Structures are given as structure tokens and as C-alpha cells.
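The block underneath contains the structure these notes are about, expressed in C-alpha cells.
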Amino acid sequence: MSNEQNSVVENPWRRLREFTDARIGLGRAGVSLPTKELLEFQLAHARARDAVHLPLDLDATSAALAGLKLEWAAAPICLHSRAEDRMTYLQRPDLGRRINDASRELLKAQHGQLAAEYDLAIVVADGLSSCAVTENLVPFLQALNEKLSTDSASDWRIAPITLVTQGRVAVGDEVGELLNARCVMLLVGERPGLSSPDSLGLYLTWNPSVGLTDASRNCISNIRPAGLSYSEAARRAFYLLSEAKRLKLSGVNLKDRTQDDVVETIASSKNFLIS
Amino acid sequence: MTYKYMLGDQTWTFSSLAELMARATPARSGDRLAGVIARSAEERAVAQMALAEVPLKQFLSEALVPYEDDEVTRLIMDEHDAAAFSAISHLTVGDFRNWLLSDMATPEVLAGVRAGITPEMAAAVSKIMRNQDLIMVAKKCHVVTAFRNTIGLPGHLSTRLQPNHPTDDVNGIAASILDGLLYGNGDAVIGINPATDNVAQAIKLMQLMDEVITQYEIPTQSCVLTHVTNTIECIEAGAPVDLVFQSIGGTEGTNSSFGFNIATLAEAQEAALSLKRGTVGNNVMYFETGQGSALSANAHHGLDQQTCEVRAYAVARKFSPLLVNTVVGFIGPEYLFDGKEIVRAGLEDHFCGKLLGLPMGCDVCYTNHAEADQNDMDNLLTLLGVAGCNFIMGIPGSDDIMLNYQTTSFHDALYIRRVLGSQPAPEFRDWLTRMQIMSDAERAVLADRLPEAFARSLKSLPPASGQH
């Protein structure tokens, strides 16, 4: 065993990991990755792959949403994009941006029984990471609801929440339009990174309709415990929602000023390498 | 013009050169998405036969994107060198493949005809070449560039040290730079993709890298991969700009969607040259490309994605870049579905770029929603090393924690140097020896002890400090 240990050269600068999550100071066997590091990488990649390919559990998600005890989350409407399966979804982004005919019929039928107009429709899409939805959707909505339900400026009429399987960002606009909502908030599993398989993204569109581009949307990215916290994400989402409602617009003309107080606090390039 | 091919009693028809090129392209998801892919395997094979019969001269008279609509087409046509072309002007696409592989096409001869080859000719011949052909001919195309060191000499392979950080934390970036340098990486460039993309941030990162390069006397160059117009502003503000970066595409519409045109690049090149920061050469531009960008910008004019990609090389060629990097697997599976498609595209891009005289490197990479893994990257890395690729990326443990994709690691670069005997840039190799980072730089043997200069920097850190 001692021979095996000696075949790995460790890097004394590994302690610099206090400054970064990058995989620095891995050490080496010859010039190659030590076995331990190789296997840890494989595990991280496996988790990211699973995030892409494991289907979103609709029953479990619906049950978790019902646990919020909110009228609009009590009975999620389950929809499906025009991409039949994951392989199609991955190669045909155009199909993931639209709901299929059955889903359109379902929404039209539902809408007949629902209120005339909503301030907000919340649409959830599996996107590229089902675990981002499974892990982060409910706690984020809880934080957001605290903001919306205590908003003294206006009442928020919220449409029944929808869950779209094999959905991409733009699918929210079609759903929001069919629900006759003035604003749509799409929550989607983002493309998983090796160190972040569970990032939830948020896209907001005022006056949603089919065919809009990213220029019409505002985005909040990386919502997850190790990224943007639920409370901070909810704070920024509520700001954008309120501003969209006030200005009746979204996208490039709606500036997110919630971070103006925190950017560029450090202008110096000074670091430990420079004496 | 219509292209017909008789096979037995069946006549196959292709309505234009663009359609013929697209149908002849080896299968990939982006061409399927665009609706230009061959409708059957047989149609692809027949299209390749038909394409092989097209005279190279035809590409000078039938523009794939209209001359009057597109400045990239105008660049290709207006700057075509008829004298250089004369040596191959009698050939068809099929003859051209034979000629490239023949013993007549020596490195010197290939360098002589470069300016007579258009991107469309290069794309066409690549479509009827197997992977080994792409490797064989690329290896004969030597393209050497220089700024503070010399990149692309035969038998050499350089690396871009890519120390990205999700919040641009200066100590986080410095930690990755240190890791890379101590693994012998960073001779092509130390290049940061900024998380916050504005002029102030770019200047801060440029200063950071300039200070490191100066203090440790590293014979390399730095680059912040920000928009070309930002870099022009940085230069005006007096920032230490070594290289100007820009992502480029093969049609005017693609480049418009990226927010620049050819005149913008000329302005930036001139500004960077005026700083006179190069010591052994004056190649000041760093371009990135990748199949699928034109379709993604909805500016592909019905062309296949590989032909669009090679047209981008005409834009690059005009500005004598130090580095051209095809970021082959970054764009995702809707353009290159799996490891097989990524490997093929990487070899095509490298070959076509080299044939046109560009200092081609490759970001050997994939995203987690592509059907690819580290083994596919090992394969492409090894093949590109054999083909004489000028440079690859180097990143800690293959994991870009800012851009969320996987590329080649510092370790990978040493692997390829060892199995192929590839050398870092000569000036950088001497530095690795001088700094005692490597005990045998020619054989990629790292020193056992932490080099003195870096040990001092680490000692200056407060012991076991908390989070920053």
C-alpha cells in the first residue's frame, strides 16, 4: 500500500481551494489524474447526466406543490411539449418551445372554467435538469409567495400552476397566452454543470405570446442552495414582477437594479500571486 | 445552377452548389435541425460523388451566399489570389483531395497555394475526406505565429490557460493561474472568460494577468475574452491589452448578431498593434468559432453548418491572428449530437483552418446534455495532437465552473506531450526549466519540489484563512 501512496504526488497549493471551486491542486500519478480524483469526476459527470435524463416525477412534484397550501398550486395542470421524448427534445429545440395539441386542448378547456384574466401564470418546465425542479421549485415558490401575499401595492391574481414535460424556456409564453395571463414566470431546470447539476432558472415575460425572443424576457439564473439563495432569488423576482406590472413591459427595457448596490465593490486586481 | 449525377438508370438532382455541399456533409444534428441534411445515406454518398466532380473554379463563379448581400462573400471573392490558385485551378474537388494527399503537396507547396484556396473549396474537399485524410493533410500545413513566444512550430503543442471563475474573484482566478503554470500550461495565452462582461471588469482582469506575467517574467500573452468593442475601449483607457478577442461567424448576418463587422475588427487590430506589446511577433488577434453559430443566429442562408464555419476562417485570415480556436462541442447536441459528431467536426475545423493558413487550435469539449464523455475527448485530443494542432485549452480538472462545460485539463496537455513528444513554445519551455517547474521540460517531467518563486507567494498567504 505504501508504494501505491508514493505513486501519487500531492500539490501543496491545494489549500488555494478556499478561493475557488475549480478543481485545482488535484495532484498527479505521473502526469495523470490520481484514481481518487478520476472517480470523483466520474461521479460528478454521472450526476449531471442523470439530471438531464431522469424524467421529472410529476406525481411527486404535484404532491409537493399541494403541500404549499396555496390555491394556485393545489392542482397543477400537466402539459407536454411537442418533443415526444428526451432524444427529440435534445436535438429539436423548436419542438420544446411549443406545447402539443392535446395540451392546448386541455388548457382551452380548463380556461373556459377559470377566471377571465390573471396577473401572473407560473409555468414549470423540466428543461435540462429535472433535479433542479425537484429540489428547488417548492422552497423558491414558498419564498416568492411570502413576497406576493404581503404586497401592499397590489393584489396578485395567480393562475393555476402548470408543469410542462420536455419544455424549453419559450414554452412559457404559449402557456401564459392561453391562460390569458398578463405576465408569465417560467421556472426551468438549467443546463447542468459538473459542479452544479441542480440550477433552476427563472424567465419573466410581460404580455406573453408565441414567437417572442429572449429580448422580451428577464432572467434570473442559478437558483439553488449553493448558488443564488431562495430568498434573494425571490427578492429579485418580486422586484422584476412589480416593475413589469408597473411599466407594462419586460426584457431589455426592464433593468434589474436590485444588484446596483453590490457590484464592483472590489476594483483592485491585487491577489496573492503579486507581491 | 443545378447539379445532376447519373447512377445506373437513376438521375440525382441537386438544385444548387449550396444544396450539393449540404447533402454531401457527413451527418450531424445541426444540419438536420436546419433541414439541409441528406435525406438518406445513399443520397449523401451520391452527393459526395457529384461534389467530387465539381471543378474548383466553380466556387469562384457560384457564390453560396450572394455577393451583394454579404460582406464575408465579398471578402472571399475580392481577396482571392489568382496567382496562388493557378497551381490547382485545373482540379476538381475529387482531384484536389488526391493532390493534397500526394507527395507533390509538401508543406512548402501547400503554403504557396493557401491564398488561392477559398473557404468553400476547403469545406468541399473536407466533405469527401476521411478522418485520417484530414489528419494527414493538416499535419503538412504548418502555421507559425508569434507575440511573446512562438506558436505552431512542427512538433509543438501549446495550451491556453483558462482560469475562469463564476464571480471573477481575483484570488480564485490567481489560484487557477498558479495551478496551470505549475502544470506547465499557458504558453498559447492566459485567457479569461469574464463572468461580468463590461469594460471596468475587463480592465481589472487585464491588469491582474499583466502583473502576473511581468512579475514572473512569463513569455506568454494575456487576453480577456470580452466583446471587441469593449477591448477597443480598454485600449483607449490605457489598459494592458495583449490580444484582441472576438467570436466570429461565416456570414455577415452572424457577425451582426455578434455585434460587429469586418471594419470593427480592423479598427481593433490597429489599436492593439499601436501598443507594440509583442516582443517576438505582431499577431494580436484571438478568434473563436464553432459549427452551428450561423444557424443559431438564423443567418445560415440554407448552408450546412460546416461550410458556414469555414467561411468564418476567411474573416480570421484577414487579420493574421495569433490563435484561432474552434470551440467544437460547446454549442450542444442540437448541432453536434454525440462524441462521433464532435470528433469529426473537430478534425474538419482543424484541417480546413490549417489549409487556409490559420493557427488552428481546438477547445476539445462537451456539455453535459451531449452524448459525450471524457473518453471521446481523449480520442479527439489524441487525434488532434497527431494532426499537429497548434493549441488546446487547459483548465483545472477539465471542469469550467463558470461556463459549465468540460474541456481538456492541465493534466491532459501533459498526457499528449508525453505520448507524442510534443513541445511547448520554445521560449515558454525555457521558462519552465528556468523556474524549475519542470525538471525535464522536453519530456514533460514536472519537478518534485514547489518552485521557489511560487513557494514565496504561497507563504505570504495568511495561514488557514476563512472564506473570501
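Every number here is computed from the coordinates shown, using simple stated rules; none is lab data. Please read these numbers as outputs of a predicted model, since none were measured by experiment. Here Cβ is always computed from backbone atoms with ideal geometry, including for glycine, and neighbour counts include all displayed protein chains.
Some points to look at:
- Chain B: angle of helix B:199-215 to the longest principal axis, Cα-based, in degrees nearest 10: 60 degrees
- Counting beta carbons within 10 Å around each of B:L208, A:L148 and listing the fewest first gives the order A:L148, B:L208.
- P(r) tail fraction, region B:280-337 - alpha-carbon pairs more than 12 Å apart, %: 66 percent
- On Cα atoms only, tilt of A:130-149 relative to the major axis of chain A in degrees: 50 degrees
- The listed peptides B:340-350, B:45-55, ordered by packing as a protection proxy, come out as B:340-350, B:45-55 (highest mean of other Cβ atoms within 10 Å first).
- The spacing between region A:102-180 and region B:1-74, judged by their C-alpha centroids, is 46 Å.
- Shielding by other protein chains, A:167-179, mean Cβ within 10 Å: 0
- For region B:145-446, the average shadow cast by the Cα convex hull is 13.4 nm², which is a quarter of the hull's surface.
- Rounded to the nearest angstrom and listed largest first, the equivalent-ellipsoid semi-axes of the protein assembly as shown from its Cα gyration tensor are 42, 36, 24.
- Within the same chain, aspartates and glutamates fewer than 8 places from A:K36 are excluded, and of the rest, those with a Cα less than 13 Å from its Cα are A:E4, A:E10.
- When B:Y5, B:Y366 are sorted by how many other C-beta atoms sit within 10 angstrom of their C-beta, beginning with the fewest, the order is B:Y5, B:Y366.
- Distant-in-sequence amide H partners of B:S409 (H built 1.01 Å from N, under 5 Å): B:I395, B:S398
- Residues with amide H under 5 Å from that of A:C183, placed H, sequence gap 5 or more: A:L120, A:A121, A:N207
- At q = 0.13 Å⁻¹ the log10 of I(q)/I(0) for region A:52-247 amounts to -0.61, computed by Debye summation with a single uniform scatterer per C-alpha, solvent ignored.
- Rounded tilt (10° steps) of B:305-317 against the dominant C-alpha axis of chain B: 60 degrees
- Proxy reagent accessibility, fewest Cβ within 10 Å first, across B:V72, B:V445: B:V445, B:V72
- For region B:3-140, the number of Lys pairs with C-alpha atoms closer than 22 Å, counting only pairs eight or more positions apart or on separate chains, is 5.
- Pairwise centroid distance, computed over Cα atoms, of region B:111-170 with region B:171-192, Å: 22 Å
- Per-residue Karplus couplings for region A:52-62, computed as 6.51 cos²θ - 1.76 cosθ + 1.60 with θ equal to phi - 60°, are listed in order as 6, 9, 6, x, 5, 7, 5, 5, 5, 5, 4 Hz, Gly and Pro entered as x.
- Quarter of Cα convex hull surface for region B:265-405, i.e. mean projection, nm²: 9.4 nm²
- Percent antiparallel among DSSP beta bridges (both partners in chain B, rounded to 5): 35 percent
- Distance from the C-alpha centroid of region A:188-250 to that of region A:15-69: 23 Å, rounded to the whole angstrom.
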